[in-house]
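Q: Have a look at this one.
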Amino acid sequence: MLEIIFTVILVGYFFQTIIFIVGTNKRFEKIQYEKLPTATVIVAARNEEENILRTLNSLASLEYPEGKLEIILVDDQSTDATGRIMDEFIKDKPHFKKITTHKDDLKLIGKMRALAYGVKEARGEIILTTDADCEVKPTWVKTICSYYQDDVALVTGFTTQVADNWFGGMQALDFIYLLTAGAGTVNIGKPISCIGNNMSYRKSAYDEVGGYEALPFSVTEDFTLMNAIYNLKKYKVIFPLDKDALVTSLPCKDLKSLIRQKKRWGVGGLGVPFRGFVIMFWGFLANLLVLLTPFFFSANWLYLVTFKIAMDFFLLYPVHKKLGIEKNLKYFFHHQIYYLIYVVILPFIVLPNKKVVWKGRTY
């Protein structure tokens, strides 16, 4: 009986995977280089003295038409040397600007407040955001902005992670797996997720939804904003698979920080539309049944497990190849073990206690 249930679940998992693949491979027209709009990159940073210089160096290498790009750094009340590093770096770079959030501003909290500060100062037609532990390609801004046809209001892209060992490698693959699911659903018009360290939107669309001040608080502010713009039903929201727009972040250093990250995403994920819960529940069931393999072992059961693993590889391989990071696939089986465990355990971490600790703050 359980084998029949497992088979039915995997059939659904298969069709879900096909949807992700079809959506991710959707192609979009680009505008010409000379028609690129003005753009503002915003980086909100809190206590990132170890990482911020890596990000700043990559931002200084961005390729964009002269006079059309500005970069705003938001020091979100850092208690370390982050602000000083910013000041020193930008002193001879006029297209960089630094601002600082205020402790007495209680209209918004956390990263939403920092980003709102940045957007208020922005002069670009297109707002791009990345994080203070990320490295962007020189082509990042011009590639993302090239997708802004007149009817497009939001463009988000892929992020991977530095994969120097198995711990970072499994996280890097997981980023791509989750973002492939996000791209697949966004590009068929049913968005469930995006990532704020490789995200962009029209400032006019941001203003139209009222900005972060008008949105409910969320620890996943990126999806909250994307969902608000999508719900206007006036513009396209797209997620192109383009290696020239790939961003690389740093993996969590240890298990404690990884659990906190997953919990933050899990709590934020409670705000997804119903279709998101269906996808998460289907993945939960498929992975749970794989974990039950030792207790219900048989030849047929082993075939089903192999089929599930093959589907995950079938999803991940072409995306990694198109992004030029197929070397990370050597950590595929590390990711499979990691994925199996956290997908099954995460609901039991998130649902009893929704408190989130992030960047020294509790939400």
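Q: Which one is farthest from the chain's Cα centre (by Cα), of the residues in the stretch 174-199 that are modelled with pLDDT of 90 or more and among the aliphatic types (A, V, I, L, M)?
A: Checking each candidate, the answer is Ile188.
Q: In the set Tyr33, Tyr13, which member is among the hydroxyl-bearing types (Ser, Thr, Tyr) and out of contact with any Phe, Trp or Tyr (no Cβ under 8 Å at 6 or more places or on another chain)?
A: The match here is Tyr33.
To keep it simple, each residue is scored yes or no on (1) of a type in the set (S, T, N, Q); (2) under 19 Å from Phe333 (Cβ atoms); (3) at pLDDT below 80; (4) assigned to a helix (DSSP H, G or I).
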{"site": "Cys252", "(1), (2), (3), (4)": "no, no, no, no"}
{"site": "Leu258", "(1), (2), (3), (4)": "no, yes, no, yes"}
{"site": "Met280", "(1), (2), (3), (4)": "no, no, no, yes"}
{"site": "Val290", "(1), (2), (3), (4)": "no, yes, no, yes"}
{"site": "Leu302", "(1), (2), (3), (4)": "no, yes, yes, yes"}
{"site": "Phe313", "(1), (2), (3), (4)": "no, yes, no, yes"}
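Q: Scan the stretch 265-274 and give yes if some residue there is under 29 Å from Ile126 (Cβ atoms), open to solvent by less than 50 Å² (accessible area, probe 1.4 Å), touching a strand residue (DSSP E or B) at 6+ places or on another chain (Cβ under 8 Å) and in contact (Cβ under 8 Å) with a residue 40 or more places away in the chain, otherwise no.
A: no
Q: Given the structure, is Phe223 modelled with pLDDT of 95 or more, within 15 Å of the chain's Cα centre (by Cα) and among the aromatic types (Phe, Trp, Tyr)?
A: For Phe223, the condition - modelled with pLDDT of 95 or more, within 15 Å of the chain's Cα centre (by Cα) and among the aromatic types (Phe, Trp, Tyr) - is not met.
Q: How about the stretch 58-76: which of its residues are assigned to a helix (DSSP H, G or I) and either closer than 21 Å to Lys35 by Cα or hydrophobic (A, V, I, L, M, F, W, C) (or both)? Outline the logic, then answer.
A: Our first condition is that a residue be assigned to a helix (DSSP H, G or I); within the stretch 58-76, this holds for 58-60.
Residues satisfying the conditions are Leu59, Ala60.
Q: For Asp92, state whether it is among the acidic types (Asp, Glu) and crowded, with 20+ Cβ neighbours inside 10 Å.
A: Judged against the criteria, Asp92 is not a match.
Q: Could you list, in sequence order, the residues of the stretch 1-39 that are hydrophobic (A, V, I, L, M, F, W, C), part of a loop (DSSP other than H, G, I, E, B) and surrounded by fewer than 16 Cβ atoms within 10 Å (Cβ to Cβ)? First the steps, then the outcome.
A: Taking the stretch 1-39 and keeping what is hydrophobic (A, V, I, L, M, F, W, C), we get 1-2, 4-6, 8-11, 14-15, 18-22, 28, 31, 36, 39.
Subsequent filtering for residues that are part of a loop (DSSP other than H, G, I, E, B) retains 1, 28, 31, 36.
Met1, Ile31, listed by residue number.
Q: Testing Phe333 on (1) modelled with pLDDT under 75; (2) open to solvent by 50 Å² or more (accessible area, probe 1.4 Å); (3) hydrophobic (A, V, I, L, M, F, W, C), one condition comes back false. Which one is that?
A: In the conditions (1) modelled with pLDDT under 75; (2) open to solvent by 50 Å² or more (accessible area, probe 1.4 Å); (3) hydrophobic (A, V, I, L, M, F, W, C), Phe333 misses (1) alone.
Q: May I ask you to list the residues in the stretch 229-250 that are at negative phi, more than 14 Å from the chain's Cα centre (by Cα) and part of a loop (DSSP other than H, G, I, E, B)? Quick ask: steps written out before the conclusion?
A: To start, the set of residues in the stretch 229-250 that are at negative phi comprises 229-232, 234-250.
Now narrow it down to the ones that are more than 14 Å from the chain's Cα centre (by Cα): 229-232, 234-237, 242-244.
Asn231, Leu232, Lys234, Tyr235, Asp242, listed by residue number.
Q: Give me the strands (runs of 3 or more DSSP E) completely within the stretch 130-228, filtered to those with at least 1 residues that are under 24 Å from Gln16 (Cα atoms) and open to solvent by less than 30 Å² (accessible area, probe 1.4 Å), ordered by residue number. I'd like the intermediate steps shown before the answer.
A: Numbers: elements: 134-136, 152-156, 159-161, 199-202.
Answer list for the stretch 130-228: 152-156, 159-161.
Q: Surrounded by fewer than 21 Cβ atoms within 10 Å (Cβ to Cβ) and charged (D, E, K, R): is that true of Asp75 in this structure?
A: no
Q: Those residues that are farther than 20 Å from Leu179 by Cα and free of Cβ contacts under 8 Å to residues at least 60 places away in the same chain, I need them from the stretch 6-23; list them, please.
A: Val8, Val11
Q: A further question follows. Scan the stretch 114-129 and report the pairs whose first residue is more than 19 Å from Ile144 (Cα to Cα) and whose second residue is aromatic (Phe, Trp, Tyr), with Cβ atoms within less than 6 Å and a gap of 6+ or a chain change.
A: Pairs that qualify, where the first residue is more than 19 Å from Ile144 (Cα to Cα) and the partner is aromatic (Phe, Trp, Tyr), are Ala116/Tyr212.
Q: Answer with yes or no whether Lys263 is at pLDDT below 85 and under 21 Å from Phe175 (Cα atoms). So that I can check it myself, show each step before the final result.
A: Details: at pLDDT below 85: yes; under 21 Å from Phe175 (Cα atoms): yes.
Considered against the rule, which asks whether it is at pLDDT below 85 and under 21 Å from Phe175 (Cα atoms), Lys263 comes out as yes.
Q: Mind listing just one residue for me: the one in the stretch 58-72 that is open to solvent by 10 Å² or more (accessible area, probe 1.4 Å) and either in contact with a Lys or Arg (Cβ under 7 Å, 6 or more places away or on another chain) or without any contact (Cβ under 8 Å) to a residue 12 or more places away in the chain (or both) and, of those, nearest to Ile109 (Cα to Cα)?
A: Glu70
Q: May I pose another question? Taking the residues in the stretch 47-57 that are open to solvent by less than 20 Å² (accessible area, probe 1.4 Å) and not acidic (Asp, Glu) as candidates, determine which candidate is farthest from Val141 (Cα to Cα).
A: Top of the filtered list is Ile52.
The values are calculated or read from the model by the stated rules, or taken from the named source; none is laboratory data. All figures in this text were calculated on a predicted structure; none of them were measured in a lab. Neighbour counts are summed over all protein chains in view; Cβ atoms, including those assigned to glycine, are modelled from backbone coordinates with ideal geometry. Side chains are part of the model used for accessible areas, which takes the heavy atoms of the whole protein and leaves out ligands, DNA and RNA. Shrake-Rupley method; radii C 1.70, N 1.55, O 1.52, S 1.80 Å.
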